[in-house]
Each structure stands twice: as structure tokens, then as C-alpha cells.
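Some notes on the structure that comes next.
The values are calculated or read from the model by the stated rules, or taken from the named source; none is laboratory data. Just so it is clear, the structure is predicted and the values come from calculations on it, not from any experiment. Virtual Cβ from ideal backbone geometry, glycine too; neighbours counted across all protein chains shown.
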Amino acid sequence: MPNNTDFCYLDHYQGERLQRQYTMLFGNNQNIIANKIADEIFTNDKAKKVLDIGGGTGELIELLKINQASRDNLLPSMFILVEPFDSMIAEANQRKNPPDVIIAATGEGLLKVKNDNTQNIDVIILQGVIHHIRGISLEEFFKGLYNMLNKNGKIVLITRPLKVEFPMGEQAKKSWKECYTTPPDDMPKLLQKAGFIVSVSIETFPITINRVDWLAMIKTKNSAVFSNISALEQSQIDQDYLEIKQKYAKNSLITFLDHQIHIIATKP
Ligand SMILES: C[S@@+](CC[C@H](N)C(=O)[O-])C[C@H]1O[C@@H](n2cnc3c(N)ncnc32)[C@H](O)[C@@H]1O
């Protein structure tokens, strides 16, 4: 269990609501992303070893397993969830298609775990988690992951730009930027320095959410996307809440675009 006093260490990940909010916000977009990641994993009929770092409640792993089952002649791959929070792990264990192995660790802590489940990896997924890595430079972190991968192994890193279109109030916007210790634009270069061949694309997904649901996410400091919002004072949350409530007073639905940075880093 990580130290929750660290900035961006999200007490709201310790339980409730996160998966429900994710489904409400990202819905089918998450299926589209899972299918794209599946195409990176299931490149031939070999069984692959896949690590999902910060994989939360195991939703992505479950979608990948369903995708795998829909393909013919595939040897079953091994899906390993790396997740620091017990409550997320408990939910992952209850899925119909749970992870094959669970490692209770942070991404940075994982580098010190030396066993069969952290060696000879084919694909490492980092979705929505790179901004949580603390106490180690990203260059060091990427080098550590490089050493865990097989030749031709890949990192699939999905993150968001510093400027996003999520309808956040001024306080949350500021806090969002502060959460990144390394700007996302610098990440491809750091991966190259660690030895990877890197390709980057920007993917955009439309999101529509009920105004009441969005406001509830702000109010409970519990939004799936604003992990950094936990760092805000209640008065700042109240300020943002009023700002957004007034801005969207006439809308029952809020629509915006979710721009994501998708990085594929391959070990030559
Ligand atoms: C925004 S959620 C993303 C969950 C999942 N990867 C997805 O995209 O659906 C961030 C996840 O990272 C986990 N996490 C937080 N700090 C972490 C760290 N230092 N290393 C690994 N995972 C961490 C959280 O518990 C949470 O499950």
C-alpha cells in the first residue's frame, strides 16, 4: 500500500465508485482502446506475458481476455495485474475473467520484484498511471521496464496532454498540470533514451455525460480522471463545483472530447 500523503496519491482509489464512474465516462471508448491494445498483443499465435501496471480493478485485462477468446488458434496469454490498492485488487479478483496473477505493488516498487512474473515480459501496459510514478525519474523507470521485456517486447503507454477539454473548474485545471512530474511531451524522448523505438499518436474520443453525474464527481472529489483532485481543499472543490454548475446550467448533458496520447515503445 503506497503512502497516501504523497501528492497525487489518491485516497479515492481506495474504494468505491471508481469503476462505475469509469464506465459512465468512458463507456465504449474503453472497448475501442482494449481492441487496439489487443492488436499489439496478439500479433502471432504465441502465448504472451502481459503486465498491466496500475491496472485498477482489472477491467482492461478482462476486455483483453474476452478479445483473446474471440480469436482462433491463440495460445492463452498470461495477464498480470500490478496494482497497489487492496480495494482495487479485491474487485479484480471478483471479475468473471480475473487476472491470472496479481502483484500488489506500485510501478516503481515493481522494479525491485524479481521473479518469473516480472521477467521475459512481452507487453507492458501503462494506462492512465504514468503521472503516479514517484521517487524515481521516468528515464530510470523506463530503463527498468526495458530490462523486464523480451526482445521485440513493447510498452503501450496511454496518457493525456497537460491541457485537456474535460469540463474542470479553474482549481482542478491547475492541479491537473501540477500532477505531472514529467510533461507527457517529454515521454517519447525519455523512452528513446532508455533504448526503445517509439511511435506516438493522438487519439480522440467523444464523451457525453449527464450534468448531474459530472457535478457529483466533482463534489465527491471522486472523479475517475481527476486523481489529483484529492489534493484540493474542500473550499477549492466548492468553488469549482459552482463554476461548472453555472457554466452548464442550461445543459442536461455535457459533451466534450477526450484527447489521449498513445505511445508504443518497442525494445529492438
Ligand atoms: C486512473 S487509474 C487507471 C486504471 C486503469 N489503468 C485504467 O486505465 O482503466 C490509475 C490506477 O493506478 C493505480 N496507481 C496509483 N499509483 C500508482 C503507482 N505508483 N504505481 C502503479 N499504480 C498506481 C491506482 O490505484 C489506479 O488503479
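Annotations
- Residue identified as crowded, with 17+ Cβ neighbours inside 10 Å, at pLDDT 95 or above and out of contact with any Phe, Trp or Tyr (no Cβ under 9 Å at 6 or more places or on another chain) among I102, I155: I102
- Applying a threshold of 6 Å to beta carbon distances and a minimum spacing of six or more residues, or different chains, the list of pairs starting in region 49-67 at a residue that is of a type in the set (S, T, N, Q) and ending at one that is within 13 Å of the ligand (Cβ to nearest atom) reads T57/Q19; T57/M88; T57/E91; T57/A92.
- Yes/no for N152 being away from the ligand (no atom under 14 Å from the Cβ), under 25 Å from F42 (Cα atoms) and assigned to a helix (DSSP H, G or I): no
- Looking only at residues of region 255-268 that are surrounded by 14 or more Cβ atoms within 10 Å (Cβ to Cβ) and in contact with an Asp or Glu (Cβ under 9 Å, 6 or more places away or on another chain), we find that the one that is nearest to V123 (Cα to Cα) is I264.
- The set of residues in region 185-207 that are more than 17 Å from K143 (Cα to Cα) and not in a strand (DSSP E or B) contains only D185.
- Criterion violated by Y146 - all others in (1) in a helix (DSSP H, G or I); (2) within 16 Å of the ligand (Cβ to nearest atom) satisfied: (2)
- Condition check for S70 on (1) buried (at least 17 other Cβ atoms within 10 Å of the Cβ); (2) farther than 27 Å from P268 by Cα; (3) of a type in the set (S, T, Y): one failure, at (1).
- Qualifying residue in region 48-59 (condition: surrounded by fewer than 17 Cβ atoms within 10 Å (Cβ to Cβ) and more than 13 Å from the ligand (Cβ to nearest atom)): no
- Search result, residues across region 14-47 that are within 11 Å of the ligand (Cβ to nearest atom) and not in a helix (DSSP H, G or I): G15
- Taking the criterion of being under 19 Å from F26 (Cβ atoms) and in a helix (DSSP H, G or I), the residues of region 155-178 that qualify are A172, W176.
- Verdict on V198 being at pLDDT 95 or above, out of contact with any His (no Cβ under 8 Å at 6 or more places or on another chain) and of a type outside the set (S, T, N, Q): yes
- Contact annotation: residue pairs with Cβ atoms under 8 Å, 6 or more positions apart or on different chains, pairing a residue in region 233-260 that is assigned to a loop (DSSP other than H, G, I, E, B) with a partner that is crowded, with 17+ Cβ neighbours inside 10 Å, are Y248/P167; Y248/R211; Y248/W214; Y248/I254; N251/R211; S252/R211.
- Subset of region 130-143 that is surrounded by fewer than 22 Cβ atoms within 10 Å (Cβ to Cβ) and near the ligand (Cβ under 8 Å from one of its atoms) - its residue that is nearest to the chain's Cα centre (by Cα): I133
- Top-ranked residue in region 95-125 [being over 20 Å from the mean Cα position of the chain (by Cα) and over 17 Å from K49 (Cβ atoms); ranked as farthest from the ligand (Cβ to nearest atom)]: K96
- Members of region 69-94 that are within 15 Å of the ligand (Cβ to nearest atom) and either assigned to a strand (DSSP E or B) or touching a Cys at 6+ places or on another chain (Cβ under 9 Å) (or both): F79, I80, L81, V82
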